[in-house]
1. Could you rank the peptides 88-101, 155-168, 109-122 by their average count of other C-beta atoms within 10 Å per residue, with the highest value first?
2. Working out 0.36 nm times the residue gap between residue 176 and residue 71, then minus their Cα-Cα distance, what length gain in nm do you get to one decimal?
3. Hey, fewest Cβ within 10 Å first, where do 43, 106 land in order?
4. How big is the charge dipole of the chain about its Cα centre, in debye rounded to the nearest 20, if each Lys and Arg gets +1 on its Cβ and each Asp and Glu gets -1 on its Cβ?
5. Relative to the Cα centre, what is the charge dipole magnitude of segment 82-124, using +1 at the beta carbon of each Lys and Arg, -1 at the beta carbon of each Asp and Glu, and rounding to the nearest 20 debye?
6. Say each of residue 156 and residue 121 gets a label point 7 Å from the Cα, pointing the same way as Cα to Cβ; how far apart are those two points in nm?
7. Return the whole-Å distance between the Cα centroid of segment 30-61 and the Cα centroid of segment 80-127.
8. Along the charge dipole of segment 56-158, Cβ charges K/R +1 and D/E -1, which of 153, 72, 108 sits furthest on the positive end?
Amino acid sequence: MRLFAAVMPPTAEVVALDDAIGDRDPELRWVPSHQWHVTLVFCGEVAETSVADLVERLRRAAARTAVFPLRLTGGGTFPTQPARARTLWAGLDGDVATLSRLAERCAAAARRSGITLEDRAFRPHLTLARARRGSVDVREHVARLSSYEGKPWRVATMRLVHSTLGNVVRHETVAELPLAETGDIT
C-alpha cells in the first residue's frame with residue numbers, strides 16, 4: 001500500500017483557497033482540492049502486514065502532540081524560482097513549530113515500523129499543482145497568492161492515507177488519529 005500521514009485543512013479553508021487561486025494554468029497538473037493536505041511523512045509502499053504497527057506508532061505520535069493552530073497563507077514554488085517552477089504550493093502560518101515536531105514524530109514512527117524514508121527535510125506546505133512537463137512560469141499564481149491569508153483552524157487530528165495512483169489518483173483514509181487536548185500530553 002502506498003501510504004502517507006497528513007493534516008487535512010477544513011472544508012471551508014479549502015473552498016476559500018480554491019476561490020483565491022482563480023484560473024487554472026493548463027500547463028499544470030492541479031491536485032483536486034478535495035485531496036489537498038499537508039504531508040507529514042511520505043511512507044511510500046508499505047506491506048499490509050506492517051500497517052497495524054504503523055497505525056499504532058502514529059497514534060502514539062499524535063497523542064504526544066497537543067492540538068495546535070494553523071492557517072493557509074501565501075504561496076510559493078519548488079524550486080524557489082516561480083519562473084521555472086515544478087511545484088506550486090500554498091504556505092502555512094500558525095504553530096508551524098508544533099507541525100514540524102509532529103512530522104518528526106511521524107517520521108520516527110515510520111522508521112520504527114521498518115519503513116525506509118527518503119532523507120529529506122520537512123518543508124511545511126500544501127501542494128496545489130505540479131508541472132506537466134519540465135518547469136512552468138507560475139509568477140502570476142504566486143503573485144495572486146502572495147496576499148492570501150486563510151482563517152486559522154485547530155489541527156486536532158492527523159490521518160494515515162492510502163494513495164492509489166492511476167488516471168485518477170484516489171485517497172482513502174486508513175486511520176484518523178486524534179492529537180492531545182491541552183493537558184493530555186504524557
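Taken together, the values in this text are just the output of simple stated rules run on the coordinates, not laboratory data. In this text, all values refer to a predicted model and were calculated from it rather than measured experimentally. Positions of Cβ are generated from backbone atoms using ideal geometry, with glycine treated the same way; all protein chains shown enter the neighbour counts.
1. Values: 88-101: 18.5, 155-168: 15.7, 109-122: 14.1.
Ranking, from highest mean packing down: 88-101, 155-168, 109-122.
2. On the way: separation 105, 0.36 × 105 = 37.80 nm, distance 2.00 nm.
Contour length minus Cα-Cα distance gives 35.8 nm.
3. Details: 43 26, 106 29.
The order, fewest Cβ neighbours first, is 43, 106.
4. Details: 25 positive and 22 negative charges, 83 e Å.
Using only the charged Cβ atoms, the result is roughly 400 debye.
5. Numbers: 8 positive and 5 negative charges, 34 e Å.
The calculated dipole for segment 82-124 is roughly 160 debye.
6. For the pair residue 156/residue 121, the computed spacing is 3.4 nm.
7. Centre-to-centre (Cα) distance: 13 Å.
8. Towards the positive end, the residue furthest out is 108.
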